[in-house]
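These notes concern the structure reproduced below.
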Amino acid sequence: MTFHLEVISRFQAAANADALLYTPLNAGLSFRRSRVYTVDISGDEQKARTYLLSVLVDAISQEYSEQDTPILNGALFTIDYGMKAGALDLEKEAILQNYRGRGDMGFSLNSLKITQRVYIFGEGDKDALSKRFAKDVCNPAIHNWTIA
């Protein structure tokens with residue numbers, strides 16, 4: 001079974017998207033960030049869900065969606081980026097170490113993919129803007145990314 005989980009802060013409002021760029025556009029765009037976890041598990045699905053929610057979500061300060069669709073609507077575009085295979089991903093390693101340290105939990109965590117999602121809100125040329133943001137946000141040496 002593949003478990004999808006998008007986690008976003010409840011209290012962090014949209015901020016000026018120029019903060020993501022090396023040189024500001026002054027185009028009136030804003031952004032929000034989230035993390036998307038895609039986990040392949042086998043075994044007891046409810047135990048896996050309970051474990052993943054307890055490890056990946058702070059119930060007070062974060063909200064989440066278990067859908068494979070973006071949690072926020074109305075974005076001009078989104079950039080999803082994550083670490084390339086072989087690049088050190090400290091968050092992923094910490095989660096896997098926690099999982100391994102727990103012993104038999106009734107399920108197996110077969111794979112874990114962590115993606116950062118950046119939502120860009122506002123108006124403008126989606127294609128030109130998305131290329132500009134991807135160039136400044138993503139490092140081609142260590143990241144894979146998609147634009148939607």
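The values are calculated or read from the model by the stated rules, or taken from the named source; none is laboratory data. Not measured: the values here are computed from a predicted model. FYI the Cβ positions are ideal-geometry reconstructions off the backbone, even for glycines, and counts take in every protein chain you see. Just so you know, the surface numbers come from the protein's heavy atoms only, side chains and all, with ligands and any DNA or RNA stripped out. Shrake-Rupley method; radii C 1.70, N 1.55, O 1.52, S 1.80 Å.
Could you grab the pairs with beta carbons closer than 9 Å, sequence gap of 6+ or different chains, first residue in segment 45-56 and on the phi > 0 side of the Ramachandran plot and of a type in the set (Asp, Glu), second one surrounded by fewer than 13 Cβ atoms within 10 Å (Cβ to Cβ) and not in a helix (DSSP H, G or I)?
none
All but one of (1) open to solvent by less than 80 Å² (accessible area, probe 1.4 Å); (2) under 16 Å from Glu91 (Cβ atoms) hold for Arg33; state the number of the condition that does not hold.
Single failed check for Arg33: (1).
So which of Ser30, Ser34 is under 15 Å from the mean Cα position of the chain (by Cα) and of a type in the set (S, T, N, Q)?
On the way: Ser30 fails: under 15 Å from the mean Cα position of the chain (by Cα).
Selected residue: Ser34, the only one of Ser30, Ser34 that is under 15 Å from the mean Cα position of the chain (by Cα) and of a type in the set (S, T, N, Q).
Exactly one condition in (1) farther than 23 Å from Thr146 by Cα; (2) over 15 Å from the mean Cα position of the chain (by Cα) is false for Leu21; which is it?
Of everything listed in (1) farther than 23 Å from Thr146 by Cα; (2) over 15 Å from the mean Cα position of the chain (by Cα), Leu21 misses just condition (1).
Could you list, in sequence order, all residues of segment 2-23 that are assigned to a strand (DSSP E or B), under 16 Å from Ala59 (Cβ atoms) and of a type outside the set (Asp, Glu)?
At the first step, the residues of segment 2-23 found to be assigned to a strand (DSSP E or B) are 2-9, 15-16.
Then keep just the ones that are under 16 Å from Ala59 (Cβ atoms); that gives 5-9.
Those that are assigned to a strand (DSSP E or B), under 16 Å from Ala59 (Cβ atoms) and of a type outside the set (Asp, Glu): Leu5, Val7, Ile8, Ser9.
How do the strands (runs of 3 or more DSSP E) wholly within segment 44-148 filter down when requiring 2 or more residues that are open to solvent by less than 50 Å² (accessible area, probe 1.4 Å) and in contact with a Cys (Cβ under 9 Å, 6 or more places away or on another chain): which remain?
Numbers: elements: 62-65, 77-83, 107-121, 143-147.
Correct list: 77-83.
Can we say Asp18 is open to solvent by less than 80 Å² (accessible area, probe 1.4 Å) and closer than 22 Å to Ile114 by Cα? If you could, list the steps in order and put the result at the bottom.
Numbers: open to solvent by less than 80 Å² (accessible area, probe 1.4 Å): yes; closer than 22 Å to Ile114 by Cα: no.
In short, no.
In segment 43-69, what residues are small (Gly, Ala, Ser) and under 19 Å from Gln97 (Cβ atoms)? Reasoning before the result, please.
Applying the first criterion (small (Gly, Ala, Ser)) to segment 43-69 yields 43, 48, 54, 59, 61, 65.
Once the filter is applied, which keeps residues that are small (Gly, Ala, Ser) and under 19 Å from Gln97 (Cβ atoms), segment 43-69 yields Ala48, Ser54.
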